[in-house]
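Since the structure comes first, as structure tokens, the remarks are kept for the end.
The values are calculated or read from the model by the stated rules, or taken from the named source; none is laboratory data. If you're wondering where the values come from, they're calculated on a predicted model, not measured in any experiment. Cβ sites come from the backbone with ideal geometry, for glycine too, and all protein chains shown count toward neighbours. These area figures cover heavy atoms from the full protein model, side chains too; ligands, DNA and RNA do not enter into them. Shrake-Rupley method; radii C 1.70, N 1.55, O 1.52, S 1.80 Å.
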Amino acid sequence: MRTANDAAGVTAELAAVPAHERVALVDPRFVGHVHTLRLALTDPRFPAAAVRGALSVQPEARTALARAVTAAAATARISGSGGGAPTAAPARALGPAESLERETAPTGVPATVPGRAGQARPSLGSAPRPGVDAGGGDAGAASNADAAAHASGEYAESRSRTRPSGTAAAPGAHSRVDDLAAALDAEGVPVHRPELGVLVAAVPADALSRAKAQDAVDAVDDERVRLRSAVKSRDGFFTTFCISPYSRYIARWCARRGLTPNQVTTASLLTALIAAACAATGTRPGFVSAGVLLIASFVLDCTDGQLARYSLQYSTLGAWLDATFDRAKEYAYYAGLALGAARADGDDVWALALGAMVLQTCRHVVDFAFNEANHDATGNTSPTAALSGRLDSVGWTVWVRRMIVLPIGERWAMIAVLTAFTTPRITFYVLLVGCALAACYTTAGRVLRSLTRRAERTDRAAHALAELADTGPLAELVAKAAPRGPSSYLAPLSAALGAAAVLAGTAAAGFGSWVPVGCAVLYAVLAGVAVAAPLKGPLDWLVPPLFRAAEYGVILILAACSEVNGALPAAFGLIAAVAYHHYDTVYRIRGGTGAPPHLLVRAIGGHEGRTVAVTAAAALLHHRNQGFTIALTALAAALALAVLTESIRFWVSSGAPAVHDETGEPA
């Protein structure tokens, strides 16, 4: 922690901090909660963040900050105000190893902080309790991409936001730190300003104002707010009332012992894999143990995000782990149930396990595609959306509608209970029926919204849908050969006709026929027509999920009809590899970096190319024992190697984004 007496001193202190490190500036007259400073100074996801009297800047915004400080120094020289003027508070620079507990600054944040010489240090109420890692550990080595939803009981609807330049600051003494934040805004550097709710951040102008601010600090227990803020403001019924009331305390326990969200995420995965292994034993004790461990895995799954929000630990690696492990856990558990059913009484439920994975993945693609198509649409109005908003004012309807969609908490609880007390076949039957009803409910509602709203879709949304489509070289050739102008419903109609043709043809002709190959070629042609023009129609968001249903459905039908030993497990592995690629695409788009490299998409054939390849393998190898199984296994291995190599390279690279998911939407 270092002190600078004027803008020139701040410039010198900034220059002393290595360019690759984050810096923070705090007015020494600052009065507020410790957690307020955590929110402003320790969150690594934003180029700049600020509250009243405090500012932090990431390396990418250091140049803009230096320019702002230089301009402030020039202004001070011209006006003759100098460092001792009341309008210019000198600065203190935080050393890299300083603790927020000791110096009211976050761990690992080198910084320069303006303030006036001789001023008292920032006054902080509700200081961290002994043992709490107030700085959240190494902010760059965190694990979860969840955003810090700074919502609590007092401000349940608050959201993080970026305040535009020119917005008035809270009343109080003039602070040069706030001037610098405004200058960054003016330069186009987005300054994240977290909603504080009942938390206090003030720069008092006199002793009376300081006393009032201190009283406001003392009136609020920021540790309670911090615990509430660790929980998403919008989650499912089971998670909200059966998990979060105690998992937040587990998160705090983990923070006090230096555990990172990455470690908790990994523990959740390992617990789920052990649960799947227990289910694979095929014994009643194994099924009961599997159900208990699956719930324990979900508790840890909630804890990792809460730990990230509690300690403000976020990282790109954590984003990747959190985005993929949930699916890996659930689908591995399906495989464990299928193995357990075969071992228990010879019951073959692989087709049901595969169907559950296909249905769940298609549900997610519907969610992702609809949100990408509409989240930045202009003129976005709909009577259906208005009705939904009115229903939100009736408390019980909110919970009923959240439960109807069978989010991850309710779904995993149902699977765990059914596993413990029934059979794998019954578990899959109930799961398939529940997910099908939820899919019908959500998709029908979104179709109604799309048909009744008048909105202009953006080029960015159309590009995102095109990337989600996962188009390969065959459909691209058709799209180039048959360009078309914008049409309201041609894209989803072409995709629906292609999907219906290939699914119906495959189901009717069965395994070993060349009819599915012809249907797959027709599907590739219609898929090319669907993506020939920008996807800006009201229902164009249906195109990606229709493609997913067609590709996955064909693999499922052929494997189920083949009656070849091992074909269904091999198909399970193939769809798992392809689904991983599609989830990876989704989270890259949500992170703002676009889809995987087009070279990779072309190399793995695109959805239509893989569909043609699988149908051709079934026709060519139907007379060979295990030939189809070997082909599916080889294709699955090749795809998994290609997509995992690229995905790991991307997500562990320094340029990969942290994916934020604070909506609480079903997963």
Inset, instruction - Only residues that are touching a residue at least 60 places away in the same chain (Cβ under 8 Å), surrounded by fewer than 19 Cβ atoms within 10 Å (Cβ to Cβ) and assigned to a helix (DSSP H, G or I): list them for segment 440-461, please. - result: T443, G445, V447, L448, L451, T452, D459, R460
Legend entry - Selection within segment 282-296 - in a helix (DSSP H, G or I) and open to solvent by less than 20 Å² (accessible area, probe 1.4 Å): G286, F287, A290, G291, L294
Legend entry - Of all residues making up segment 185-220, the number that are assigned to a loop (DSSP other than H, G, I, E, B), of a type outside the set (A, V, I, L, M) and under 15 Å from A173 (Cβ atoms): 2
Legend entry - Single condition A559 does not satisfy, out of (1) at pLDDT below 95; (2) of a type in the set (G, A, S); (3) crowded, with 24+ Cβ neighbours inside 10 Å: (1)
Inset, instruction - Please list, ordered by first then second residue, the pairs with beta carbon atoms under 6 Å, 6 or more apart or interchain, first in segment 256-274 and on the phi > 0 side of the Ramachandran plot and in a helix (DSSP H, G or I), second at pLDDT below 95 and surrounded by 17 or more Cβ atoms within 10 Å (Cβ to Cβ). - result: none
Legend entry - Matching option when the condition is in a helix (DSSP H, G or I), in contact with a helix residue (DSSP H, G or I) (Cβ under 8 Å, 6 or more places away or on another chain), surrounded by fewer than 19 Cβ atoms within 10 Å (Cβ to Cβ) and of a type in the set (S, T, N, Q), among T633, T611: T633
Legend entry - Condition broken by F325, with the remaining ones in (1) surrounded by 24 or more Cβ atoms within 10 Å (Cβ to Cβ); (2) among the aromatic types (F, W, Y); (3) part of a helix (DSSP H, G or I) satisfied: (1)
Inset, instruction - Being of a type in the set (D, E, K, R) and outside any helix (DSSP H, G or I) is the filter here, so list the residues in segment 221-239 that pass it. - result: D221, K232, R234, D235
Inset, instruction - Quick one: count up the residues across segment 395-430 that are touching a Ser or Thr at 6+ places or on another chain (Cβ under 7 Å), in a helix (DSSP H, G or I) and surrounded by fewer than 22 Cβ atoms within 10 Å (Cβ to Cβ). - result: 1
Inset, instruction - From A15, A19, grab the single residue that is assigned to a helix (DSSP H, G or I), among the small types (G, A, S), open to solvent by 30 Å² or more (accessible area, probe 1.4 Å) and more than 14 Å from A202 (Cα to Cα). - result: A15
Inset, instruction - Inspect all residues belonging to segment 598-608 and state whether any of them is closer than 15 Å to L632 by Cβ and part of a loop (DSSP other than H, G, I, E, B). - result: yes
Inset, instruction - Search segment 51-80 for residues being in a loop (DSSP other than H, G, I, E, B) and either free of Cβ contacts under 8 Å to residues at least 12 places away in the same chain or closer than 19 Å to P18 by Cβ (or both), and hand back the single one that is least open to solvent (accessible area, probe 1.4 Å). - result: Q58
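Just one of A532, A524, A495 is more than 20 Å from P596 (Cβ to Cβ), out of contact with any strand residue (DSSP E or B) (no Cβ under 9 Å at 6 or more places or on another chain) and at pLDDT below 95; which is it?
Exactly one residue qualifies, and that residue is A532.
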Legend entry - Top-ranked residue in segment 3-17 [being among the polar types (S, T, N, Q) and under 15 Å from P28 (Cα atoms); ranked as nearest to the chain's Cα centre (by Cα)]: T3
Inset, instruction - Would you be able to say whether some residue in segment 25-38 is over 36 Å from the mean Cα position of the chain (by Cα) and either within 15 Å of L180 (Cβ to Cβ) or touching a residue at least 40 places away in the same chain (Cβ under 8 Å) (or both)? - result: yes
Legend entry - For D470: the one exception among (1) in contact with a His (Cβ under 6 Å, 6 or more places away or on another chain); (2) open to solvent by 50 Å² or more (accessible area, probe 1.4 Å): (2)
Legend entry - R248 being in a helix (DSSP H, G or I), open to solvent by less than 60 Å² (accessible area, probe 1.4 Å), within 18 Å of R38 (Cβ to Cβ) and touching a Phe, Trp or Tyr at 6+ places or on another chain (Cβ under 8 Å): yes
Inset, instruction - Please state which of the following conditions P596 fails to meet, knowing it meets all the rest: (1) surrounded by fewer than 23 Cβ atoms within 10 Å (Cβ to Cβ); (2) at pLDDT 95 or above. - result: (2)
Legend entry - Only listed residue being at pLDDT below 95 and surrounded by 15 or more Cβ atoms within 10 Å (Cβ to Cβ), chosen from D221, D235, D206: D235
Legend entry - Candidate set: segment 614-629, residues that are without any contact (Cβ under 8 Å) to a residue 60 or more places away in the chain and among the hydrophobic types (A, V, I, L, M, F, W, C); chosen: the one most open to solvent (accessible area, probe 1.4 Å): L620
